[in-house]
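The values are calculated or read from the model by the stated rules, or taken from the named source; none is laboratory data. Quick caveat: nothing in here was measured; it's all calculated off a predicted structure. All Cβ positions, even for glycine, are placed from backbone atoms using ideal geometry, and neighbour counts span all protein chains on display.
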Amino acid sequence: MAAQSDVPKILVVGGKTFSDSLTAYALKMAQKLDLEIIALNVDEDILDLSADEQAAAREAFFEAAEQSAADLAEKAESMDIKFTSMVVVNRIQTTIEKILNQELGVRYILSEPAPDRSEHHRDRVQNPVLQLVGPETHHIDPVSVRDEGEK
């Protein structure tokens with residue numbers, strides 16, 4: 001695949017689906033900063049399954065991921081946000097690095113937060129994780145983000 005234009009983009013990374021908070025944050029950010037959205041549904045856990053288990057897991061993943069991407073695409077279109085999507089079974093970091101090398105305009109990566117399973121944080125709101133992409137090195141720096149109004 002040839003490198004794409006340097007139009008500013010946000011890479012939105014989800015698993016089988018995109019959460020409501022990730023979807024809302026990505027759309028709001030894309031609209032405010034005039035960004036195109038690249039939606040990536042990626043699952044690396046399937047790679048660790050036996051060959052017999054992989055076929056069914058892939059089918060279920062692709063069905064759910066394609067529906068989730070279609071829902072996000074519909075919302076993006078209604079807001080006049082340019083949108084593309086990818087559904088991949090591969091290692092997450094490898095896939096992101098490949099996209100960063102092919103898509104020159106990716107400025108941000110937005111993903112689901114790591115699940116916090118501790119009892120202390122169980123009722124705490126989990127915001128998406130924003131990563132800034134450095135243009136020269138594609139270095140990724142994690143940044144904690146808060147939704148407007150949250151303290």
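Please determine, by comparing only the residues of region 64-102 that are under 19 Å from Y25 (Cα atoms) and among the small types (G, A, S), which one is surrounded by the fewest Cβ atoms within 10 Å (Cβ to Cβ).
Checking each candidate, the answer is S78.
In region 61-87, what residues are of a type in the set (S, T, Y) and in a strand (DSSP E or B)?
Within region 61-87, T84, S85 meet the criteria.
I'd like to know if region 42-49 contains one or more residues that are assigned to a strand (DSSP E or B) and either modelled with pLDDT of 95 or more or touching a Cys at 6+ places or on another chain (Cβ under 9 Å) (or both). Lay out the reasoning, then the answer.
Initial filter on region 42-49 (assigned to a strand (DSSP E or B)): 42-43.
Still in the running and either modelled with pLDDT of 95 or more or touching a Cys at 6+ places or on another chain (Cβ under 9 Å) (or both): 42-43.
Yes, region 42-49 has at least one match.
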